[in-house]
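Q: Mind looking over this structure? Questions follow.
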């Protein structure tokens with residue numbers, strides 16, 4: 001483990017690569033999509049699952065993005081960070097067009113299966129319900145780079161229980177209702193160790209309109225990875 005007095009801080013930059021796809025201009029009827037009535041049942045089931053993921057909302061659980069990532073990568077995959085954001089709706093953000101609670105972002109940074117010293121990232125395409133091909137991440141270190149160990153910033157998906165956040169969110173209803181005239185949970189994340197924490201933590205983000213003056217305000221709470229214990233509370237001003 002890294003020293004608390006002289007921590008190695010990890011900074012990451014995604015290296016975008018351009019993929020080339022072939023486009024066909026063939027008019028051959030054999031290239032046309034199969035008729036729905038002739039579609040393979042397995043393919044139809046896959047399409048239904050894709051639509052379900054693409055239409056995911058916070059009402060499906062605070063772990064909806066985490067579940068999709070686990071299904072895609074496997075429960076023993078070691079991850080560094082996960083980010084999922086949800087629409088707060090037009091009632092809180094007047095520029096928002098999506099309904100409150102709809103998932104808008106789901107991304108993960110995880111250990112490369114090809115080189116355990118490196119990280120890659122992928123994101124869920126909300127429209128298609130499919131994950132993008134993995135993109136390499138360039139890691140830079142603040143501190144002694146030679147002492148940096150990526151393992152200190154990784155945790156298996158199997159050790160994270162974001163579903164436990166449901167009870168944490170429910171327990172905040174009365175308190176948040178006293179501060180905000182209206183509010184919505186806007187993010188559920190997994191944060192990597194940093195200068196403030198030696199362990200991974202879950203993070204809940206909230207946005208709302210203050211009862212006192214209708215100003216839009218945001219806050220967050222850090223929660224243990226079992227989804228049960230609040231370790232840092234900044235949900236209200």
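Every read-out reported here was derived from the displayed coordinates using simple, explicitly stated rules and does not represent laboratory data. Predicted model only: the values in this text are computed from it and were never measured. Here the Cβ is made from the backbone with ideal geometry for all residues, glycine too, and neighbour counts use every protein chain on show.
Q: Measure of size requested: the Rg and Dmax of the stretch 48-119, with Cα atoms as the atom set and Å as the unit; please supply both.
A: Gyration radius and largest Cα-Cα distance of the stretch 48-119: 14.5, 46 Å.
Q: Another one. Counting alpha carbon pairs within less than 8 Å and at least 6 residues apart, what relative contact order, in whole percent, applies to the stretch 43-234?
A: Across the stretch 43-234, relative contact order equals 20 percent.
Q: Quick one: order 180, 220, 110 by neighbouring beta-carbon count within 10 Å, fewest to most.
A: Working: 180 24, 220 18, 110 21.
Lowest to highest Cβ neighbour count: 220, 110, 180.
Q: Given axes a ≥ b ≥ c from the Cα gyration tensor, I'd like to know whether the stretch 43-234 is rounded (a/c under 1.5), prolate (a/b larger than b/c) or oblate.
A: Oblate is the answer for the stretch 43-234, as a/c is 1.5 or above yet b/c matches or exceeds a/b.
Q: With a 10 Å Cβ neighbour count serving as the proxy for reagent exposure, in which order, fewest first, do 154, 210, 165 appear?
A: Values: 154 19, 210 16, 165 23.
Final ranking by Cβ density, sparse to dense: 210, 154, 165.
Q: Moving on. Going by a ≥ b ≥ c, the root eigenvalues of the Cα gyration tensor, does the stretch 124-186 fall in the rounded group (a/c under 1.5), the prolate group (a/b larger than b/c) or the oblate group?
A: Since a/c reaches 1.5 and a/b is larger than b/c, the shape of the stretch 124-186 is classed as prolate.
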